[in-house]
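The values are calculated or read from the model by the stated rules, or taken from the named source; none is laboratory data. A quick note: this is a predicted structure, and the numbers were derived from the prediction, not measured. Heads up, the Cβs are rebuilt from the backbone with ideal geometry, glycines too, and the neighbour counts pull from every protein chain shown.
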Amino acid sequence: MERFKTVILIVFIGLSLFLTYQLWYAQKPTELTVEDTYEQIVTETPRPLEDVIVPSQVVAEIDGACFVFYKGEPEYESLWHELNLRLQGIHDAALQDAEPLDEEAQNSLTFRFKPPLPVGDEMPWLPGTTYFRVEKIKFYSLEDSQWLVLEKAGDDVRKSLTLPEEKAGLFSELISNISAQEAVEHIKLDVETAGEVLERELDIRNHIFVPKEQVFLSELLLKPEELDREKLIKTFFVDYNLARVIEERNGGLIYTDGEKGLRLTSEGLEYSNPQLEDGETTMNYPEALLNCSNLISYHGGWPQDLRLEEVTLFGRDEAPYYTFKLQMYYQGRPLYTEKPTKGLFNDHGLINFSRALFFVGGYVEEDEEVKTVEAAEWSEALKAAIRHYENQMMPDMRVKIRLEAMELGYAVIDTATFTRGQPVWYFQINGTDVFLSADELDLLDEGDIL
């Protein structure tokens, strides 16, 4: 009996070792192999670098008048298309240090870039020259000479590039085709101009242009972006069949595999993979731009009026990472949402990502009215914004105001019957966002914005 027990024990030990080996090293059954294989899903072919960076604004000066164009406006698209082609078509350009300008030289176009435009080396723009990042490009003309002045991001370095007559002529033609009757004239807001209106000191941090004349804006009928949920989930999970699904009361769905989570709602998505936070970041700026293009292409794609507005490296010493932010536009005006489309990544992958995009094309009930409003003058809007800010932050204390942004746009508002884009004045004051209705200058609660 003891020998029999010993034999049985040896058999069990051997069987245990065999099964452990099979579990660790043996080939998986076909059905499991199929389920665990990563399925490469591409929502959209990633954009090349020359389609990722576009100007934040284009300023044209014609006969003493200033006109500002943004993404989605025909003038913006045609002017940037021309400059883009010119910069890509010039190889081994003879860049020189920009000399002091002749007083009679005319600056008719200014292209501002945020994030900066990488030029030189193996970049699409000015290939063969020394690499640097450009924050601003100005087009100058004097008699029969035309040239570009490139201002380097982060310092006062300015490079000059003379344009051959055949390459510069189209700029002059495009400028002459801008209709002063259709375009809205603007003024650049400076400390002196703002001080006369406010009768107080104001710190203006960025290039802010405000309309000089009346502006009329119509409410927009909007609808949220419709994404293929099944395809989208596969872009975040190797095997989404193993992810646990949690259904929220409001209809949202949360997918999690214990390490990362994806939340899908009718307004967009939120993704988080906190285990990647301690990774390193070795990619340079152009590589980070291409990575942004890939991430957006894989996880929903690039709608026509979506613009990359920010790419920033944080934490250079410990656990560095890049952040990026995108903005949707409609006819040159931004669409503001409560949760902007933005993300955070390092060499290990995407750490956080949120996407909430809306498009014109919603519907309205017969008894609903879509209004067209006249935007309040910039001076009245600025006064109201500062008043609302001080009442919210420090009612009994007058603080120094730092104005970082000011523009007209649309806030995405959900009503009982439809989603609309409400015309608003948007301000960023001392790092705080302030939204005012464009006509009445009533304060909008951020909780009202989708």
### Summary
Screening 343, 349, 332, 315 for residues that are under 16 Å from the mean Cα position of the chain (by Cα) and on the phi > 0 side of the Ramachandran plot leaves only 332
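Residue under question is residue 238, and the condition is that it be among the aliphatic types (A, V, I, L, M), in a strand (DSSP E or B), more than 20 Å from residue 418 (Cβ to Cβ) and not assigned by TED's automatic domain parsing to the domain that holds residue 407; does it hold? Quick ask: steps written out before the conclusion?
On the way: among the aliphatic types (A, V, I, L, M): yes; in a strand (DSSP E or B): no; more than 20 Å from residue 418 (Cβ to Cβ): yes; not assigned by TED's automatic domain parsing to the domain that holds residue 407: yes.
No; evaluated as a whole, the condition is false for this residue.
Listed here are the residues, each with its yes/no results for (1) touching a helix residue (DSSP H, G or I) at 6+ places or on another chain (Cβ under 7 Å); (2) buried (at least 18 other Cβ atoms within 10 Å of the Cβ).
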residue: 264; (1), (2): yes, yes
residue: 285; (1), (2): no, no
residue: 289; (1), (2): yes, yes
residue: 293; (1), (2): no, yes
residue: 333; (1), (2): no, yes
residue: 347; (1), (2): no, no
### Query
In this structure, is residue 74 at pLDDT 80 or above and in the same structural domain as residue 177 (by TED's automatic domain parsing)?
yes
### Task
Consider only pairs whose beta carbons are under 7 Å apart and that are at least six residues apart or on different chains; among these, list those whose first residue lies in region 255-276 and is free of Cβ contacts under 8 Å to residues at least 40 places away in the same chain and farther than 19 Å from residue 296 by Cα and whose second residue is assigned to a strand (DSSP E or B) and of a type outside the set (A, V, I, L, M, F, W, C).
255/261; 256/244
### Task
Would you be able to say whether some residue in region 294-308 is assigned to a helix (DSSP H, G or I) and touching a His at 6+ places or on another chain (Cβ under 9 Å)?
no
### Task
Please list, ordered by first then second residue, the pairs with beta carbon atoms under 8 Å, 6 or more apart or interchain, first in region 181-203 and under 15 Å from residue 386 (Cβ atoms) and not assigned by TED's automatic domain parsing to the domain that holds residue 66, second crowded, with 16+ Cβ neighbours inside 10 Å and among the basic types (Lys, Arg).
197/383; 198/383
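Rundown of residues vs (1) within 16 Å of residue 162 (Cβ to Cβ); (2) of a type in the set (Val, Ile, Thr); (3) in the same structural domain as residue 286 (by TED's automatic domain parsing); (4) touching a strand residue (DSSP E or B) at 6+ places or on another chain (Cβ under 9 Å), yes/no style:
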{"position": "78", "(1), (2), (3), (4)": "no, no, no, no"}
{"position": "96", "(1), (2), (3), (4)": "yes, no, no, yes"}
{"position": "104", "(1), (2), (3), (4)": "no, no, no, yes"}
{"position": "113", "(1), (2), (3), (4)": "no, no, no, yes"}
{"position": "120", "(1), (2), (3), (4)": "no, no, no, yes"}
{"position": "135", "(1), (2), (3), (4)": "no, no, no, yes"}
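Within region 357-378, which residues are under 25 Å from residue 184 (Cα atoms) and either modelled with pLDDT of 95 or more or assigned to a strand (DSSP E or B) (or both)? Write out each step before concluding.
Within region 357-378, the first condition is being under 25 Å from residue 184 (Cα atoms), and the residues that meet it are 359-360, 370-378.
Residues satisfying the conditions are 359, 360, 372, 373, 374, 375, 376, 377, 378.
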### Query
in a helix (DSSP H, G or I), touching a Gly at 6+ places or on another chain (Cβ under 8 Å) and at negative phi - does that describe any residue in region 222-234?
yes
